[in-house]
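For reference, the structure is listed below as structure tokens.
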Amino acid sequence: MTDAAISIKGLRKTYRGGKGQPEKLALKGIELNVPRGSVFGLLGPNGAGKSTLINILAGLVVKSAGHVSIWGFDQDQNPRQSRAAIGVMPQELNLDPFFTPRGALEVQAGLYGVPKSERRSDEILELVGLSDKAEAYARTLSGGMRRRLLLAKALVHHPKILVLDEPTAGVDIELRQMLWANVRKLNEQGMTIILTTHYLEEAQEMCDEIAIINHGEKVTQDSTANLLGRMDSRTMVIVPDSPVSDLPVAEGVDATLRDDGSLVLQYRSNHTSAEQVLEAVRSADIRIRDVRTEEADLEDVFLALTSSRADDPPADDQDQPRRGIHRVKL
Ligand code: ADP
Ligand code: MG
């Protein structure tokens, strides 16, 4: 498999339990291929194992079993080459407070054996918008600037693959736009990008291909277009002229009321036409003041694929997005 940017086979990770803690099986045998040149999204709820997988790629976490090949180099057989092919911007802000941004980049370049003549610290600082902070101590940088510096560090050795773990979690709009502009630019120059994000809209917009993992297992992997195409669910939202007393009834149509009084009709476009849905609305004597339809988005795909197994919900799962649809029994 030399044409994949990343090839992962049977990847398992068990964290040893600390005092009184049970051990944790974080990855349960993951198979994953990331095509070269893609912007690849790794999605999953909190605790799914995304950071564990990425930290194994980065060499920060030691895998328990399986094979990882980076740009055709086996991580165990060719550790130096496989490490040189990848740059990782970690989720945690782990910076040495006593280095300046330029100093941190020079140290990083040294660690990766980049010769002085090939170092481009100033160019990279310019790219991430830190030129004017080149000589400031890391401890004086804002959270956003530290993230910029982490991105800069990941780029120092000109990696083929750039990995970003939740790069936009909790960052302001300006930084988010800077990050995505850089990701696009680097990808256009040929860099393969792997990113995790909680923002499904971002993944839908940025990624060519997406893998969803849940509870340490891969649930699916497909092109973003195919993933969206798999969903033929449609939602019609109607604002009625007066409060609805009887919900419309029709085969294949799931009618519910939202708290604001609007009527939500869910149906599958393969089985039911919009005309049939409207017919059911008219039959229930509901007069339409306003109507709009919603297509399935990545959030629907994500919920459909990850909400089926509620046996082991991670404790910190609440910040997953949910639709505000109020279910009413018919
Ligand atoms: P994600 O990045 O998808 O939120 P993580 O890879 O951080 O998920 O975590 C996967 C699982 O492994 C979680 O249940 C988490 O609590 C556990 N875990 C992560 N790091 C450690 C660690 N160092 N020691 C023990 N358990 C860990
Ligand atoms: Mg994580």
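Can you pull out the residues in the range 30-47 that are farther than 17 Å from L162 by Cβ and within 12 Å of ligand 1 (Cβ to nearest atom)?
Applying the first criterion (farther than 17 Å from L162 by Cβ) to the range 30-47 yields 30-31, 33, 43-47.
Within the range 30-47, I30, L43, G44, P45, N46, G47 meet the criteria.
Given the options K19, K9, name the one that is without any contact (Cβ under 8 Å) to a residue 24 or more places away in the chain and either outside the structural domain of G190 (by TED's automatic domain parsing) or more than 16 Å from ligand 2 (Cβ to nearest atom) (or both).
K19 is the lone residue from the list that is without any contact (Cβ under 8 Å) to a residue 24 or more places away in the chain and either outside the structural domain of G190 (by TED's automatic domain parsing) or more than 16 Å from ligand 2 (Cβ to nearest atom) (or both).
If you check L60, L95, which single one turns out to be within 16 Å of ligand 2 (Cβ to nearest atom) and free of Cβ contacts under 8 Å to residues at least 60 places away in the same chain?
Values: L95 fails: within 16 Å of ligand 2 (Cβ to nearest atom).
None of the other options fit; the residue is L60.
G41: buried (at least 17 other Cβ atoms within 10 Å of the Cβ) and outside any loop (DSSP other than H, G, I, E, B), yes or no?
Spelling it out, G41 is indeed buried (at least 17 other Cβ atoms within 10 Å of the Cβ) and outside any loop (DSSP other than H, G, I, E, B).
Hey, does the range 92-114 have a residue that's under 21 Å from V183 (Cα atoms), under 25 Å from the mean Cα position of the chain (by Cα) and in the same structural domain as H215 (by TED's automatic domain parsing)?
No, the range 92-114 has no match at all.
Quick check on my filter: what residues within the range 93-111 are under 15 Å from L60 (Cβ atoms), in a loop (DSSP other than H, G, I, E, B) and not polar (S, T, N, Q)? Walk me through how you get there before you give the answer.
Filtering the range 93-111 down to residues under 15 Å from L60 (Cβ atoms) leaves 93-95, 108, 111.
Going one step further and asking which of them are in a loop (DSSP other than H, G, I, E, B), we end up with 93-95.
Within the range 93-111, L93, L95 qualify.
Could you please let me know if S69 is touching a Ser or Thr at 6+ places or on another chain (Cβ under 9 Å) and open to solvent by less than 30 Å² (accessible area, probe 1.4 Å)?
So S69 passes the test.
Report the residue count in the range 179-204 for those that are open to solvent by 20 Å² or more (accessible area, probe 1.4 Å) and at pLDDT 90 or above.
Total satisfying the criteria: 9.
So G10 clears everything in (1) open to solvent by less than 40 Å² (accessible area, probe 1.4 Å); (2) within 22 Å of M89 (Cα to Cα); (3) outside any loop (DSSP other than H, G, I, E, B); (4) more than 9 Å from ligand 1 (Cβ to nearest atom) except one condition, right? Which one?
That leaves (2) as the condition not met.
Taking the criterion of being outside any helix (DSSP H, G or I) and in contact with a Gly (Cβ under 8 Å, 6 or more places away or on another chain), would at least one residue in the range 66-73 satisfy it? Let's see the steps before the verdict.
Taking the range 66-73 and keeping what is outside any helix (DSSP H, G or I), we get 66-73.
If we keep only those that are in contact with a Gly (Cβ under 8 Å, 6 or more places away or on another chain) too, we end up with 66-67.
So far as the range 66-73 goes, yes, one or more of its residues are outside any helix (DSSP H, G or I) and in contact with a Gly (Cβ under 8 Å, 6 or more places away or on another chain).
Pick from L57, L53, L27, L105: which is within 16 Å of ligand 1 (Cβ to nearest atom), open to solvent by less than 40 Å² (accessible area, probe 1.4 Å) and closer than 21 Å to V156 by Cα? Spell out how you get there, then give the answer.
Working: L53 fails: closer than 21 Å to V156 by Cα; L27 fails: closer than 21 Å to V156 by Cα; L105 fails: within 16 Å of ligand 1 (Cβ to nearest atom).
Of the residues listed, the single one that is within 16 Å of ligand 1 (Cβ to nearest atom), open to solvent by less than 40 Å² (accessible area, probe 1.4 Å) and closer than 21 Å to V156 by Cα is L57.
For the range 74-92, give me each residue that is in a helix (DSSP H, G or I) and either open to solvent by 90 Å² or more (accessible area, probe 1.4 Å) or touching a residue at least 40 places away in the same chain (Cβ under 8 Å) (or both).
R80, R83, A84
Looking at the range 274-325, which of its residues are charged (D, E, K, R), at pLDDT 50 or above and within 21 Å of the chain's Cα centre (by Cα)? Walk me through how you get there before you give the answer.
Of the range 274-325, the ones charged (D, E, K, R) are 275, 279, 282, 285, 287, 289-290, 292, 294-295, 297, 299-300, 309, 311-312, 316-317, 319, 322-323.
Of the ones still in play, those that are also at pLDDT 50 or above are 275, 279, 282, 285, 287, 289-290, 292, 294-295, 297, 299-300.
Scanning the range 274-325 gives E295, D297, E299, D300.
Are any residues in the range 101-140 hydroxyl-bearing (S, T, Y) and touching a residue at least 24 places away in the same chain (Cβ under 8 Å), and if so, which ones?
Correct list: Y112, S121, Y137.
The values are calculated or read from the model by the stated rules, or taken from the named source; none is laboratory data. None of the values given here were measured: they were computed from a predicted structure. Ideal geometry is used to build each Cβ from the backbone, glycine not excepted, and the neighbour counts take in all protein chains shown. Calculation scope for accessible area: heavy atoms of the full protein, side chains included, ligands and nucleic acids excluded. Shrake-Rupley method; radii C 1.70, N 1.55, O 1.52, S 1.80 Å.
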